[in-house]
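The structure appears right after this line, and notes come after that.
Taken together, the values in this text are just the output of simple stated rules run on the coordinates, not laboratory data. This structure is a prediction, so every number in the text was calculated from the model and none was measured. FYI the Cβ positions are ideal-geometry reconstructions off the backbone, even for glycines, and counts take in every protein chain you see.
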Amino acid sequence: MESVPLYVGSHKFTYPDLESEEYKQYELGLKLNPIRSFQTTLTGFILDVEDEIVTDVVVGTKVNEGKTRRKGIELELNYYPMDHLELYGNVSYTKGEYRDYVDGGTDYSGSDIDLVPDWIYSLGAQWKPLEGFFAGFDYRYVGEGYKAKYEAGYAEPKKKTIDYWVADAQIGYQYKSYSVTLDATNIFDERYPAYEAATSYRTANPRGFFVTCSLSY
């Protein structure tokens, strides 16, 4: 169990009524290494948050949302078929629940937390020798979440956010302590939401390219 108390920071200056968040996380994991080049990790978790701070991006306010709980399971696979080459995959499922939250006279306790994606997948490959050319590719899926808070016992159809796939790639060259890297984000130029709620929608960035030069010392 890990307990992380007190988060409010500079938000307190703008929103003096905010209370500090407190986190308690419980994890149980199993790691297997059946052969030298293959490793798998299975982890179950429960994350409890008290006085969780949530931002409404439409009106630009922050409020505490009482007690929440997120629980789920994550499976991670790593395979090294040869030196410097890694193939990986990851899948996780998360369910979020309001445990004690009343807003405007409506009790949301026991209902699903909005904007928490249920499934997240990722798979990719990375080639990274100590020197020379390196490259990587990552393809990930973000599943659906609820667009809004729905009180316990809500009988009408519940609206969900859009699920999507997005891919990133990287290529570069390493020489001693110097490196040059070209990153390509959203390489298939998918249109997907960076933020989506019941009354607002903000698209993520389109395809982008970034060059980075670095020196390690």
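Structural remarks
- Among ILE53, LEU130, GLY72 - extreme Cα towards positive end, dipole of the chain, charges at beta-carbon: LEU130
- 30 Å Cα-Cα threshold exceeded, pairs from LYS24/LYS128; LYS31/LYS158; LYS95/LYS128; LYS71/LYS159; LYS31/LYS176: LYS24/LYS128; LYS31/LYS158; LYS95/LYS128; LYS31/LYS176
- Dipole magnitude (debye, nearest 20) for the range 43-185, charges at Cβ of Lys, Arg, Asp, Glu: 200 debye
- Value of relative contact order over the chain, rounded to a whole percent, pairs C-alpha under 8 Å and six or more apart: 11 percent
- Among the GluC sites (Glu not before Pro) in the range 119-217, those located in a DSSP loop and surrounded by at most 11 other Cβ atoms within 10 Å of their own Cβ are GLU131.
- A DSSP coil position with no more than 15 other Cβ atoms inside 10 Å describes the following trypsin sites (Lys or Arg not before Pro) in the range 22-129: ARG36.
- Within the range 186-217, backbone nitrogen closer than 15 Å to the virtual label 7 Å beyond the Cα of SER177 toward Cβ: 214-217
- Label sites at ARG99 and ALA169, each approximated as a point 7 angstrom past Cα along Cα to Cβ, lie 4.5 nm apart.
- The range 11-52 versus the range 107-162: alpha-carbon centroid distance in Å: 16 Å
- Among the listed values [x] 21.1; [y] 15.8; [z] 11.6, the one computed from these coordinates for mean projected area of the Cα convex hull in nm² is [y].
- Of the trypsin sites (Lys or Arg not before Pro) found in the range 146-175, no site is in coil according to DSSP while having at most 10 other Cβ atoms within 10 Å of its Cβ.
- Using a Förster distance of 25 Å, the FRET efficiency for VAL211-GLU86 (Cβ separation, nearest 0.05): 0.60
- Model label sites at ASN78 and ILE187, defined 7 Å from Cα along the beta-carbon direction, differ in position by 2.2 nm.
- Here is how the number arises for the chain: DSSP H runs of 4 or more residues each give -39500 (n - 2.57), the sum is divided by the residue count, and the result at 222 nm is -500 deg cm²/dmol.
- Applying 1/(1 + (r/R0)^6) with R0 = 22 Å to the Cβ-Cβ distance of ALA135 and SER37 gives a FRET efficiency near 0.65.
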